[in-house]
1. Kindly provide the set of residues from segment B:52-74 that are within 11 Å of chain A (Cβ to nearest Cβ), more than 8 Å from DNA strand D (Cβ to nearest atom) and exposed (fewer than 14 other Cβ atoms within 10 Å of the Cβ), ordered by number.
2. Would a scan of segment B:95-109 turn up a residue that is in contact (Cβ under 8 Å) with a residue 24 or more places away in the chain and more than 7 Å from chain A (Cβ to nearest Cβ)?
3. If a residue must be facing chain A (nearest Cβ under 7 Å), under 28 Å from residue B:52 (Cα atoms) and without any contact (Cβ under 8 Å) to a residue 60 or more places away in the chain, how many such residues does segment B:5-20 contain?
4. Mind checking whether some residue in segment A:83-91 is in contact with a helix residue (DSSP H, G or I) (Cβ under 7 Å, 6 or more places away or on another chain), within 10 Å of chain B (Cβ to nearest Cβ), farther than 23 Å from residue B:23 by Cα and surrounded by fewer than 17 Cβ atoms within 10 Å (Cβ to Cβ)?
5. Report, by residue number, each residue of segment A:1-20 that is near DNA strand C (Cβ under 10 Å from one of its atoms) and closer than 16 Å to residue A:92 by Cα.
6. Just checking, how many residues over segment B:21-51 are more than 9 Å from chain A (Cβ to nearest Cβ) and in a loop (DSSP other than H, G, I, E, B)?
7. Restricting attention to segment A:22-32, does a residue exist that is farther than 17 Å from residue B:4 by Cβ, out of contact with any strand residue (DSSP E or B) (no Cβ under 8 Å at 6 or more places or on another chain) and surrounded by 13 or more Cβ atoms within 10 Å (Cβ to Cβ)?
8. Looking only at segment A:62-94, which residues are part of a strand (DSSP E or B) and in contact (Cβ under 8 Å) with a residue 12 or more places away in the chain?
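Just so you know, all these numbers are worked out from the coordinates, no wet-lab data involved. Here the structure is a predicted model, which means the values were calculated and not measured. Cβ sites come from the backbone with ideal geometry, for glycine too, and all protein chains shown count toward neighbours.
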DNA sequence: AGTCTTTATCGTAATATTGCAATATAAAAA
DNA sequence: TTTTTATATTGCAATATTACGATAAAGACT
């Protein structure tokens with residue numbers, strides 16, 4: 001074994017897990033936070049910002065893109081990566097929903 | 001190589017990534033959602049709920065506990081696992097903060 | 001005491017992730 | 001067209017994760 005048994009869980013649970021996995025590495029968190037505060041979003045800037053080699057950063061960008069957390073537009077010679085607002089809005093709502101449910105529960109256990 | 005270069009990132013970025021990693025598996029998302037809706041929080045119930053063997057579930061529970069997303073109290077013979085509200089509140093605020101920053105940016109790029 | 005029930009841990013095989021050097025690709029500049 | 005610049009891909013070694021059978025540990029119940 002060793003592979004995640006995705007088929008046994010709901011699409012929703014797999015989607016959440018996949019999105020979380022994309023943020024389960026400090027480099028990818030750093031990329032997201034950089035895109036959030038920077039004016040530009042050129043790949044080269046991100047590579048310069050991070051303490052990792054260019055191929056490694058490229059791989060992390062690919063994973064963020066696969067998870068639809070960012071999108072990349074060709075800008076002449078380079079690529080402009082930007083945050084995909086929809087996915088982050090989804091995450092925000094997911095945790096806001098959890099907070100509401102927790103509020104309703106009000107520690108009625110443990 | 002193969003190990004994450006945590007030392008090159010901020011404590012905050014590593015903390016976020018670690019918390020996300022704990023939710024980067026559908027079984028752990030399912031556990032969280034079960035604890036959110038269930039009245040009880042006994043380990044055995046979780047094992048019955050999930051399509052995985054008992055040792056596997058135990059391992060996932062341990063990871064959620066290490067990430068401080070849940071806590072486990074001994075209840076006689078069994079263990080009562082509950083959601084750690086503080087960590088989920090932290091996550092909710094993290095994504096709410098991102099949403100605010102995105103609002104301010106208002107798509108001024110790409 | 002012995003037995004049952006519940007949960008954790010160990011050991012290990014299968015698979016996935018991380019990181020980077022080397023190389024490929026493709027548009028821009030000369 | 002050649003060269004430079006920017007990014008992606010390939011290949012591979014090191015490490016981490018996932019899953020589970022076997023077994024251990026610890027409280028509950030005769």
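1. Hit for segment B:52-74 is B:73, nothing else.
2. Checked against the condition, which is being in contact (Cβ under 8 Å) with a residue 24 or more places away in the chain and more than 7 Å from chain A (Cβ to nearest Cβ), segment B:95-109 yields no hits at all.
3. Selection size over segment B:5-20: 2.
4. No, segment A:83-91 has no match at all.
5. Passing the criteria: only A:18.
6. 0
7. No; the residues of segment A:22-32 include none that is farther than 17 Å from residue B:4 by Cβ, out of contact with any strand residue (DSSP E or B) (no Cβ under 8 Å at 6 or more places or on another chain) and surrounded by 13 or more Cβ atoms within 10 Å (Cβ to Cβ).
8. Those that are part of a strand (DSSP E or B) and in contact (Cβ under 8 Å) with a residue 12 or more places away in the chain: A:70, A:71, A:72, A:75, A:78, A:79, A:80, A:81, A:82, A:83.
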